[in-house]
Every structure is written in C-alpha cells, then in structure tokens.
Amino acid sequence: MTAGERYRTLIAAEDIQQRIEQMGQELTRRFAGQNLLAVVLLDGAVMFAADLLRCLQVPGLRTHFMRAASYHGGMQSSGKVALTDLPRCRGQSVLLIDDILDSGRTLQRVYAALHEAGAAAISTCVLLDKPGQRECAIESDYVGFTVPEAFLVGYGLDIGGRLRHLPDVCVYEPPSR
Ligand code: IMP
Ligand code: MG
C-alpha cells in the first residue's frame, strides 16, 4: 500500500463468481457446437477470462491472448491503444473478452483490428461496464456488472501494476494531497 491510499469493496469475490457462472451458461447456450476463438485482452482480463473460460462448455473453443494497452501506469488513459499479438482469425467466430468497458477505445480498436483480419463474427464480453465514461459508439454483447464512474482495482484491474491480485473489485481512493 502507498501511504494514504485506500480501496473499498464494490463487488465481492463470491458475487463475481456467481455472475460469471451465469455468463458461462449463457455463452455455452449461445456458442454450443460451434468453433469459437476466445481472444483475451491482457493484462486486465486475465482473472476474468481464467474463471469465465472454465465455465464454458464449448468443445470447439480455442483461446488466444493478446495485449491492448492504453494506460501508462496511473489512473489516466493515454487515449492511444497499442495492440500486440493479434490472432489469425480469418473466417472465424470470435469472442472478445476484456475486464472493463470504459471510454470504449480499447474494445473499438481491437474489434476493428479483428474485423480487418477477417473474423466472420465478433461478440464482445466484459466483466464490467462503466457507461458514464463512454467516448466511442460501442456496447458489449455480454456484461457482468454495470459500475459507477470510479477508478476500480482488483480482480485483474490495476493501478500501475498494483492491486490486480485483490479478489474483490474495489473502488480506489488515491492519497489525499
Ligand atoms: P477504455 O479503452 O477506456 O474502454 O478502457 C479499457 C481499458 O482501460 C480496460 O481494458 C482496462 O485495462 C483499463 N481501465 C478502464 N477503467 C479502469 C479502471 O477503473 N481501473 C483500472 N483499469 C481501467
Ligand atoms: Mg485492459
């Protein structure tokens, strides 16, 4: 902990798991019997994807991890989204998985790149949706929880690489100056 900073639970670990199981059932119904490529956005979606993918009963599922980065350590997005390791996905049905949909820049940028790479269909799935901060015209097909306009940490969400390991999704309060 950095002196003076605090965080408080917004969504408890048990509630996250319960919701993920529901989402897994819904996605299983939707993609049963299909060949599906799950594309997971590192680093933030790592916890969510690990739990969600284990709830999917889709035998034809393959998983690809790629990086999309727009933050340079703090609470402010740079506005530019850098992508690494885009998958080869021509003709494939893709499920794009991220931790949080905020301004929408990340999802929009990756969606466009997958489309350009020839994906036949793209569905999007996020654990958290912060609709109050949207700057792009994009919504997610599957959403775990709608959250208020606060900076969140835990369950994969970080501040400068820290607090990602917290089991709950928490509201972060910086040290007061
Ligand atoms: P967007 O591009 O603004 O939609 O933001 C998406 C990315 O920013 C997510 O994949 C997260 O990695 C990061 N992000 C957005 N809001 C938060 C937050 O409250 N806490 C931590 N990371 C966030
Ligand atoms: Mg991210």
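The values are calculated or read from the model by the stated rules, or taken from the named source; none is laboratory data. The model shown is predicted, which means the values in this text are computed figures rather than measured ones. Note: ideal-geometry Cβ built from the backbone for every residue, glycine included; neighbour counts use all protein chains shown.
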Taking A117 as meeting all but one of (1) at pLDDT 95 or above; (2) within 13 Å of ligand 1 (Cβ to nearest atom), write down the number of the exception. (2)
Is the stretch 159-177 home to any residue that is within 13 Å of ligand 2 (Cβ to nearest atom), modelled with pLDDT of 95 or more, touching a strand residue (DSSP E or B) at 6+ places or on another chain (Cβ under 8 Å) and acidic (D, E)? no
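Does E135 satisfy the condition of being within 8 Å of ligand 1 (Cβ to nearest atom), over 12 Å from the mean Cα position of the chain (by Cα) and farther than 12 Å from L96 by Cα?
Numbers: within 8 Å of ligand 1 (Cβ to nearest atom): yes; over 12 Å from the mean Cα position of the chain (by Cα): yes; farther than 12 Å from L96 by Cα: yes.
Yes; evaluated as a whole, the condition is true for this residue.
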Between residues in the stretch 130-159 that are under 13 Å from G104 (Cα atoms) and residues that are near ligand 1 (Cβ under 7 Å from one of its atoms) and of a type in the set (K, R), which pairs lie under 7 Å by C-beta distance while being six or more apart or on different chains? E135/R105; C136/R105
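One line per residue, one yes/no per condition, for (1) acidic (D, E); (2) surrounded by fewer than 19 Cβ atoms within 10 Å (Cβ to Cβ); (3) within 16 Å of ligand 2 (Cβ to nearest atom):
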site	(1), (2), (3)
Q34	no, yes, no
V40	no, no, yes
F48	no, no, yes
V58	no, no, no
Q76	no, yes, yes
A82	no, yes, yes
Residue pairs qualifying under the 6 Å Cβ cut-off, at least six apart or on distinct chains, with the first in the stretch 42-63 being β-branched (V, I, T) and the second being within 11 Å of ligand 1 (Cβ to nearest atom), are V46/G156
Could you list, in sequence order, the residues of the stretch 84-104 that are within 15 Å of ligand 1 (Cβ to nearest atom) and buried (at least 20 other Cβ atoms within 10 Å of the Cβ)? L96, I97, D98, D99, I100, L101, D102, G104
Any idea which residue in the stretch 60-72 is surrounded by the fewest Cβ atoms within 10 Å (Cβ to Cβ), counting only those that are within 13 Å of ligand 2 (Cβ to nearest atom) and not hydrophobic (A, V, I, L, M, F, W, C)? H72
